[in-house]
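The structure appears right after this line, and notes come after that.
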Amino acid sequence: MKIVSYTAQGESPRHRRLGIVLDGDLIADARAGYARMLAESGDLQAEAIAAVRLPPEGAAFLRGGPVALAEAQKAAIWLARLAADHAEARGIDDEPLFLHLSDAHLFAPLQPSKVIAAGRNYGAHHKEMSNSDMPYKLPSSWLKGASAVTGPHDDIVKPKATQKLDYETELAFVIGKRCKNVPRERAMEVIAGFVVANDITARDVGRMERDEGNRLLGKSFDGFCPIGPCLVTADEIPDPHNLALMTRVNGDLRQDANTSDMIWKIPDILAYVSQIELLPGDIVTTGSPEGVAQGKSGGGKFLKPGDILESEISGIGSLRNRIIDDPLEPSWTW
């Protein structure tokens, strides 16, 4: 199942709702469709139940646990049949149930309480970034601010502080249940699904910060973690360690790799990062392959205003973000 957060084009963001992507690039209104399904089965509390089980925000939906997920899957099957026969069907409040993807505005599919990013997790990427060896006794990782999360088609603001804005397309997994200290062999029990993420990085800011012994803004400026285009549930991705991954800038292929090249696999990363409590909707990225602008083969082709950044992973989809200048003056002199 593919889950999105969306509005119709031109609608206010406050009207965003949870959607289920069907064949033919149709988005079904999850709550409204589920309510109609329940009502047709004779449930007199259909609207109230649907509002609780299928709320408009992805992390809130995941907090409903296995029951909410199972009900959403039932609704997806029912809605697919309805769309095939009655694409103009409406909900019990006369709202349209189906919208073509091209007529929708997509938001980030969920808003996490935190984003944990892993790095240097592809051997070729480490070699392009450094001549020194790493001990690899634990996954390199850090926190990105929740405000870094942005939608799959939103503009990415280039802060005035950086002249070296870089891209890193990554597979990210989404936590489905509250958990802590998850052993490797139970990792998939707590993973709800996967999204495409891009760990946008201000390389020069990050370098200055590391010289001071810290890591903050270089990875966590607002909008530095576009995700989406949808949350693909784990049952749709039989092997997350065998997915093609690509990055294009203005159509130029910059990264072309496969998640099979990860050094630390997803269960390893989860076992390490879950030493802090993880909540439904939390996002964990898994590192980027070679081909970044800062790398030895990247040619210093850093992102600039006007560039179109595309981040794609097979089985999940693509992000397409435009780089723009920051309209605000910085509060710090670099």
Query raised in the report: In debye to the nearest 20, how big a dipole does the chain give about its Cα centre with +1 on each Lys and Arg Cβ and -1 on each Asp and Glu Cβ?
Result: 940 debye
Report summary line: One checks the Cα atoms of the range 37-162 and finds Rg and Dmax, in Å, of 21.6, 67
Report summary line: When the charge dipole of the range 278-321 is computed with +1 on Lys and Arg Cβ and -1 on Asp and Glu Cβ about the Cα centre, the Cα farthest towards its positive end, among Pro305, Gly291, Gly317, belongs to Pro305
Query raised in the report: Roughly what would the spin-label model give for Ser113 and Glu88, points 7 Å off Cα along C-beta, in nm?
Result: 4.7 nm
Report task. Using just the helices of the chain, give the 222 nm mean residue ellipticity in deg cm²/dmol: DSSP H runs with n ≥ 4 each add -39,500 (n - 2.57), and the total is spread over all residues, rounded to 500. Result -> -6000 deg cm²/dmol
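Report the GluC sites (Glu not before Pro) located in the range 145-235 that are in a DSSP loop and have at most 12 other Cβ atoms inside 10 Å of their Cβ, or state none. Provide the component values of the computation, followed by the final result.
Numbers: sites: Glu168, Glu170, Glu185, Glu189, Glu209, Glu212; in loops: Glu168, Glu212.
Those that pass, being in a loop and sparsely packed, are Glu212.
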Requested in this report: Quick one: of Lys127/Lys301; Lys265/Lys301; Lys127/Lys160; Lys137/Lys265; Lys114/Lys164; Lys164/Lys219, which pairs are farther than 23 Å apart, Cα to Cα?
Outcome: Lys265/Lys301; Lys127/Lys160; Lys114/Lys164
Query raised in the report: Mind listing the phi-derived Karplus ³J(HN,Hα) values for the range 118-123, rounded to whole Hz, using 6.51, -1.76 and 1.60 with θ = phi - 60°, and x for any glycine or proline?
Result: 9, x, 6, 9, 10, x
Query raised in the report: Where in the chain are the helices, taken as whole DSSP H runs, whose Cα atoms extend 18 angstrom or more along the long axis and whose Kyte-Doolittle mean reaches at least -1.0?
Result: 65-85
Query raised in the report: Which far-off residues, 5 or more places away or on another chain, put their amide H under 5 Å from the one on Ile156, with H placed in the peptide plane?
Result: Arg322, Ile323, Ile324
Report task. Sticking with the crude label model, points 7 Å out along Cα→Cβ, report the distance from Ser41 to Lys180 in nm, one decimal please. Result -> 3.6 nm
Report summary line: On the accessible surface of the chain, probed at 1.4 Å with all protein chains in place, carbon and sulfur together account for a percent value of 51 percent
Query raised in the report: Counting only Cα, what are the radius of gyration and maximum Cα-Cα distance Dmax of the chain, in Å?
Result: 20.3, 67
Query raised in the report: Once Lys and Arg get +1 and Asp and Glu get -1 on their Cβ, which of Leu82, Gly24, Ala60 lies farthest toward the positive end of the dipole of the chain?
Result: Ala60
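How would you classify the range 103-215 from its alpha-carbon gyration tensor, with a ≥ b ≥ c the square roots of the eigenvalues: rounded for a/c under 1.5, else prolate if a/b is greater than b/c, otherwise oblate? Write down the numbers at each step before the final one.
On the way: a/c = 1.90, a/b = 1.11, b/c = 1.71.
Verdict is oblate for the range 103-215.
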Report task. Could you tell me whether the range 289-334 comes out rounded, prolate or oblate from its Cα gyration tensor? Rule is a ≥ b ≥ c as square roots of the eigenvalues, rounded for a/c under 1.5, then prolate if a/b exceeds b/c, otherwise oblate. Result -> oblate
Requested in this report: If a/c stays under 1.5 just call it rounded; otherwise compare a/b with b/c (prolate if a/b is bigger, oblate if not). Do that for the range 1-108, with a ≥ b ≥ c from the square roots of the Cα gyration tensor eigenvalues.
Outcome: rounded
Query - Accessible area in square angstrom per residue, the chain, 1.4 angstrom probe - result: 45 Å²
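Which FRET efficiency value, to the nearest 0.05, do you get for Glu11 and Ser260 by plugging their Cβ-Cβ distance into 1/(1 + (r/R0)^6) with R0 = 30 Å?
Details: r = 40 Å, r/R0 = 1.35.
So, using R0 = 30 Å, E works out to roughly 0.15.
The values are calculated or read from the model by the stated rules, or taken from the named source; none is laboratory data. All of these numbers come straight from a predicted model, not from anything done at the bench. Note: ideal-geometry Cβ built from the backbone for every residue, glycine included; neighbour counts use all protein chains shown. Heavy atoms of the whole protein, side chains included, go into the accessibility calculation; ligands, DNA and RNA do not. Shrake-Rupley method; radii C 1.70, N 1.55, O 1.52, S 1.80 Å.
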